[in-house]
1. Which condition number in (1) more than 16 Å from the ligand (Cβ to nearest atom); (2) out of contact with any Gly (no Cβ under 8 Å at 6 or more places or on another chain) is the one that residue 147 fails?
2. Which numbered condition trips up residue 259, out of (1) on the phi > 0 side of the Ramachandran plot; (2) part of a strand (DSSP E or B)?
3. What number goes with the only condition from (1) in a strand (DSSP E or B); (2) charged (D, E, K, R); (3) in contact (Cβ under 8 Å) with a residue 60 or more places away in the chain; (4) out of contact with any Leu (no Cβ under 8 Å at 6 or more places or on another chain) that residue 252 does not pass?
4. So which residues in the stretch 231-242 are within 16 Å of the ligand (Cβ to nearest atom) and within 20 Å of residue 209 (Cα to Cα)?
5. Take residue 335 and tell me if it is touching a residue at least 24 places away in the same chain (Cβ under 8 Å), in contact with a Phe, Trp or Tyr (Cβ under 7 Å, 6 or more places away or on another chain), among the small types (Gly, Ala, Ser) and not assigned by TED's automatic domain parsing to the domain that holds residue 140.
6. Give just the number: which of (1) within 30 Å of residue 204 (Cβ to Cβ); (2) touching a helix residue (DSSP H, G or I) at 6+ places or on another chain (Cβ under 9 Å); (3) not in a helix (DSSP H, G or I) does residue 360 not satisfy?
7. Residue 208: away from the ligand (no atom under 15 Å from the Cβ) and of a type in the set (A, V, I, L, M), yes or no?
8. Can you tell which of 268, 275 is farther than 30 Å from residue 148 by Cβ and either in a loop (DSSP other than H, G, I, E, B) or hydroxyl-bearing (Ser, Thr, Tyr) (or both)?
Amino acid sequence: MPMRIKPLISIAIILIIISSVSFTEASELTIRVLIYQGKEFSISGNSLEVSIKNGEQLFIKNSDRVDGRVNSSRLSIKIIEGDKLNELSLDTSSTIDITGENISVNGNNYRGSLRVIYRSNSVIIVNILPLEEYLYGVVPSEVPYYWSKEALKAQAVLARTFALKNIRNTPGKDYDLDDSQNSQVYRGKSGEYNETNEAVDLTRGEVVLYNNSLASVYFHSTCGGHTELPENVWKVEKFPYLNGVECGYCNDSPWTNWEITVKRDAWEKTMGNGEIDIEYDGSGRILRLNGIDGTRMRSVFNLPSTLIIGIEVEEKDVLIKGKGLGHGVGVCQWGMKKMAELGFSYRDIISYYLPGVTVDAYRGF
Ligand SMILES: [Zn+2]
C-alpha cells in the first residue's frame, strides 16, 4: 500500500526546505582574475604548494619559486625548493595550481591562489581569491586612495557590482575578469592602501540594485557637466537609471577643459575637408560629425571625450577644445569626489548619478 504523507507533515517539510535555502552573500564569493598572458613567468613565495595536472597529477610541497617558459610547443617548468631543482616539460592543456604565502607573479604581489593554464602555445595565469580581497586591489586603481572616505566607499560598491555582473556572465570560462581597463584595473596586493581596504570593509557585500537585480554600473573620470546615455556610446539597451544627469561637481578635475591639436592632414583623412556639420546628443556630446560617429572620432584622434565645444581649422592643424574625460556614462568620479567633500554619503552619491537604484546587500540574485 503506497505511503501517504499527511498534509501537515508535507507543509512542515516544505517549510524546512524553504528555511534551509541560504543566499550567497557577495562576501562569500571567490573571483578568478586573469593577471598574465604570455610565454614566460616567474612565481615566488613562501611554502608554495604546487599541484601539476598533466595527464597525471604531481604534487610538490614547500617550494620557493616556479619559473616557466614556453618553447617548441612545450612548457618548461623549474620548481625551486631550497637548493633542490625539479625540472619538468609539460604538454599543452596542463594546469598548475599554486597556493602559499606572499605569492608574487613577475614581481607583483597577490592574495589568494594562482592557476597557471598552458594552452595553444601560451600561458595564462589566473588569480583566484575572495571577491572582497579582489576589491582591495581594484578600488585604489580606479580612484586615488587619498580621496574622501565616502567617495572611496561609493567606488567600492560600484566595483563590487561591476565584478558580480561579470562573474555571472562568464560560465565555462577560465576566468571571470581581466586586470585591465577592459574589465576594471586590478593591481593585486601591490596596489593596496589601508584607506581603500577600509572603504571595501565598510561596504562589505553591498551592491547597486534596480528592481532587486544587479544594476549595470558604469563610471568614468570626468563628465564635464552632464552624464551620457549608454546607447550613445555602445549601442546597448536603455536603462531607466542611466538617463543622464546634470553634474555641477566635477570642476576640480584636471580634465574640466582641454585642448588637443591634430594635424590637418590626419583630420581631413578621417573627417573630410567639407564644412563641419555636427549632430549633438542630449548631453551636449558629439553624436556625429560629418556623418562620422563621435565615438569613432574620439578613438581615431585619441580625444579625452566627445564633449567638444570648439573646433578651429587652421592652416596646418586642427585645434579641438573639449570638456571631460571618459565615455561619460554613469557615475562621474571627479563629481563623486566633490560630493563626498560636500558631505554627501556614498549612497547619496550613487543615487544622484543613478536615480532610482538602491544600495543593499547582494543575496545571489
Ligand atoms: Zn561630472
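1. The one condition residue 147 does not meet is (1).
2. (1)
3. Checking residue 252 against (1) in a strand (DSSP E or B); (2) charged (D, E, K, R); (3) in contact (Cβ under 8 Å) with a residue 60 or more places away in the chain; (4) out of contact with any Leu (no Cβ under 8 Å at 6 or more places or on another chain), the one that fails is (1).
4. Result: 242, single match.
5. Values: touching a residue at least 24 places away in the same chain (Cβ under 8 Å): yes; in contact with a Phe, Trp or Tyr (Cβ under 7 Å, 6 or more places away or on another chain): yes; among the small types (Gly, Ala, Ser): yes; not assigned by TED's automatic domain parsing to the domain that holds residue 140: yes.
So residue 335 fits the description; yes.
6. The single condition residue 360 does not satisfy is (2).
7. The answer is yes for residue 208.
8. Numbers: 268 fails: either in a loop (DSSP other than H, G, I, E, B) or hydroxyl-bearing (Ser, Thr, Tyr) (or both).
On inspection, the qualifying residue turns out to be 275.
The values are calculated or read from the model by the stated rules, or taken from the named source; none is laboratory data. This structure is a prediction, so every number in the text was calculated from the model and none was measured. Please note: Cβ atoms are built from the backbone with ideal geometry, for glycine as well, and neighbour counts cover all protein chains shown.
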